[in-house]
Amino acid sequence: MAIPGETVEQILQAAHIEEVVGEFVTLKKRGSNLWGNCPFHNEKTPSFSVNPARNIFKCFGCGKAGDSAKFLMEHEHFTYPEALRYLAKKYNIKIEEKQQTAEEIMQQSLREKMFNINEFADKYFVDTLWNTEEGKTIGLEYFRERGYFDPIIQKFHLGYNPDSAHWDAFTEYARKNGYSEELLEQIGLSIKGSKGLYDRYHGRVMFPIHSLTGRVIGFGGRILVNDKKSPKYQNSPESEIYDKKQTLYGIYFAKNAIARQDECILVEGYFDVLRMHQIGIENVVASSGTSLTMEQIRLVKRYTKNITMLYDGDAAGIHAALRGTDMILSEGMNVRVVVLPPEHDPDTFGKEFSTEYVSNYLKENAKDFIRFKTELLLKDAENDPIKRGQVIRDIVETISVIPDSIFRITYVKECSRLLDMPEQTLTNELNKILRAKLKKTLGIEENVVPETETTTTPKQEESVEDQLPAGYYQERELVKLLLMYGKNMITDERLDENGEKVLEQVSVAQLIVDDLKADDFVFTNYVNRKIFDVFDKAIDEGYIPDDQFFVSHEDETISQLAADLLSTPYKLDQWEKYGIFVKQEEDVLRATVLSTIYRYKDLIIEERRKAIEEELKTAETAEDQLILLKRKKDLDDIRKQINKELGIVIAK
């Protein structure tokens, strides 16, 4: 089905960029815009801006920009229709889609098919759990016996896959509903054996894994019988939509609480997350049994810089906590560790004790990683001086991954106190490690001998700016004026049919388009020309498109340029409060438009004059020379007029 154009427009107008982006990025108001760390590249200082007035986002670090749909396409890897459907659902807009042609159906992306079949499977597993005898007596009873209440079971869409005779209950149901065996096997819901296709999760309770936007990207299934031949947990294989190293279980349900509390509690398994949510601690996610990855850490970093690792009290849990700290610290984040009593994991601990007790335990027992690691490793080393030396080196190695030098100094001081060792000794060891890392980095990245004073420096290549065509920046400035102020009305002087000057109100767009077309000036940049042509055609048809039309344009080169030109990292706010009044572009709009047009023409004319001068050098006949000189004089006359006009504009 295709989404009608009028519905697309309604969706994009309803979508508030700050609300859409705010679900994935922690934003803070600064001036009239909102700012946060960019979700598309790693950064320490926020350069990601959201402009509610223009309904666009822009990262001044990596350059990504656009509207709400574009953000979802970049962040969630949605197709354009997927992004629109997500926004329509969020803003309660009904989509009455048009019937797709056979060609359009064939073009439906594999990702979309995978999302559809996962949602289909999710509904099947949930329905089986609640509405079949096997599901209720085995699956639902299992969850209830473990102490989970129905609201939590429903919230996380827990389900059950039947244990049929041929292990193919779901596979057969999916086939009957038109899903191909190839897709079932590709997404990992079914497995091909010697007797054909069968359910991957037969006889298991089901945990759907959600993306940040709540779409089902994979599943985890737990077996309910003791079978040494089968793993306790069976997880979806990686696919076009599921990458386990970039996924955290429960992130969709926890992200708002994480941002609100400015802390993320990291646990190991599905049940740990469920239990914490059931007792009201919702800023909890799980790595789902896999080792913590940098991608998962950066996923958390979008919402907070503070991670508390909550692990089992056994040796395995303690050392699991140690493995993740260095990666977290290298991202400039703060990490604390809470180790539970040896007989408990987060699931059993939350079941046995009250919410108040668990919350207090977390607060009182959370240890800074330096204290945690030092106490743990020194305990292992006991009185062995060699092991103690290894512990010290290990801890200093951990401090060395911290990107902020001030925090490194602070941790060295704390480490000195805990280890009863001179601070200078630890600092020397830290500097030695940092120097070694720097040399290694330089050797990998450059692998060249530094130049000496006698080294001959090769001729520098022509800069990018030198390669730009004449008038490039003025051309971009004119496009920016069209996008920002195209609809604005200004007073212009025109000649009437008697050749007398008259004043009339015209739009900025019409003034720019008419003026450039009258003198046959054509933008040289391909994208600039496309935007100019859109305005030209629209004016002929009696309307002027607004900035949102271009930001949401189906041509990505147009939408990207529009978002770039409409965004600025600078804004004057509240200066009037201090008696400082600065003229804004809107205040002198006519002068700005005319000045930009004249400067653009001046640069182009200068280039044309230079070209004529080069032609004169090779002109073979006197007649050719006269023609060229006449063209040059005409250009000189135009330049004089432009300079005169520029003088008038500047004087104002």
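The values are calculated or read from the model by the stated rules, or taken from the named source; none is laboratory data. All values derive from a computational prediction rather than experimental measurement. Neighbour counts are summed over all protein chains in view; Cβ atoms, including those assigned to glycine, are modelled from backbone coordinates with ideal geometry.
Annotations for the structure displayed:
- All positions within region 355-379 that are surrounded by 14 or more Cβ atoms within 10 Å (Cβ to Cβ) and modelled with pLDDT under 90: Lys367, Asp368, Phe369, Ile370, Arg371, Phe372, Lys373, Thr374, Leu376, Leu377, Leu378
- Residue in region 556-567 that is closer than 16 Å to Gly63 by Cβ, of a type in the set (S, T, N, Q) and part of a loop (DSSP other than H, G, I, E, B) present: yes
- Considering region 51-75, and only residues there that are charged (D, E, K, R) and either surrounded by fewer than 18 Cβ atoms within 10 Å (Cβ to Cβ) or not in a loop (DSSP other than H, G, I, E, B) (or both), the residue that is modelled with the lowest pLDDT turns out to be Glu74.
- Screening region 155-175 for residues that are of a type outside the set (Asp, Glu), surrounded by fewer than 16 Cβ atoms within 10 Å (Cβ to Cβ) and more than 15 Å from Val216 (Cβ to Cβ) and picking the one that is nearest to the chain's Cα centre (by Cα) gives Arg175.
- Of all the listed residues (Asp150, Asp122), the sole one being surrounded by 16 or more Cβ atoms within 10 Å (Cβ to Cβ), at pLDDT 95 or above and in the same structural domain as Ser236 (by TED's automatic domain parsing) is Asp122.
- Pair list, Cβ under 6 Å, 6 or more apart: region 424-438 residue without any contact (Cβ under 8 Å) to a residue 24 or more places away in the chain, other residue of a type outside the set (Phe, Trp, Tyr) and crowded, with 16+ Cβ neighbours inside 10 Å: Thr427/Val412
- Within region 228-260, being under 25 Å from the mean Cα position of the chain (by Cα), buried (at least 16 other Cβ atoms within 10 Å of the Cβ), in contact (Cβ under 8 Å) with a residue 40 or more places away in the chain and not in a loop (DSSP other than H, G, I, E, B) holds for Lys244, Tyr249, Ile251, Tyr252, Phe253, Lys255, Ile258, Ala259.
- Just one of the numbered conditions (1) in a loop (DSSP other than H, G, I, E, B); (2) loosely packed, with under 15 Cβ neighbours inside 10 Å; (3) at pLDDT 95 or above; (4) not polar (S, T, N, Q) is not true of Gly178: (3).
- Candidate set from region 514-567 (those that are in contact with a Leu (Cβ under 7 Å, 6 or more places away or on another chain) and small (Gly, Ala, Ser)); member that is surrounded by the most Cβ atoms within 10 Å (Cβ to Cβ): Ala562
- Scanning region 341-364 for residues that are among the acidic types (Asp, Glu) and either farther than 13 Å from Leu310 by Cα or not in a loop (DSSP other than H, G, I, E, B) (or both) yields Glu343, Asp347, Glu352, Glu356, Glu364.
- Pairs where the first residue, in region 188-205, is without any contact (Cβ under 8 Å) to a residue 40 or more places away in the chain and the second is in a strand (DSSP E or B) and of a type in the set (Gly, Ala, Ser), C-beta under 6 Å, 6+ apart: Leu197/Ser190
- Of note, Val216 satisfies the criterion of being touching a Phe, Trp or Tyr at 6+ places or on another chain (Cβ under 9 Å) and of a type in the set (Val, Ile, Thr).
- Restricting attention to region 541-569, the residues that are small (Gly, Ala, Ser) and within 14 Å of Arg476 (Cβ to Cβ) add up to 3.
- Residue list for region 125-147, filter: buried (at least 16 other Cβ atoms within 10 Å of the Cβ), among the hydroxyl-bearing types (Ser, Thr, Tyr) and over 38 Å from the mean Cα position of the chain (by Cα): Thr132, Tyr142
- Among the residues making up region 30-50, a single one is part of a strand (DSSP E or B) and either assigned by TED's automatic domain parsing to the domain that holds Met327 or charged (D, E, K, R) (or both): Arg30.
- Here Ile187 does not qualify as among the β-branched types (Val, Ile, Thr) and over 28 Å from Leu212 (Cβ atoms).
- Check on Tyr160, modelled with pLDDT of 95 or more, farther than 30 Å from Lys301 by Cα, in contact with a Gly (Cβ under 6 Å, 6 or more places away or on another chain) and among the aromatic types (Phe, Trp, Tyr): yes
- Test: residue in region 195-213 that is within 34 Å of the chain's Cα centre (by Cα) and surrounded by fewer than 17 Cβ atoms within 10 Å (Cβ to Cβ): no
- Region 34-58: number of residues that are among the hydrophobic types (A, V, I, L, M, F, W, C), farther than 13 Å from Ile17 by Cβ and in contact with an Asp or Glu (Cβ under 9 Å, 6 or more places away or on another chain): 1
- Scanning region 87-114 for residues that are within 21 Å of Gly218 (Cβ to Cβ) and either at pLDDT 90 or above or part of a loop (DSSP other than H, G, I, E, B) (or both) gives Gln108, Ser109, Met114.
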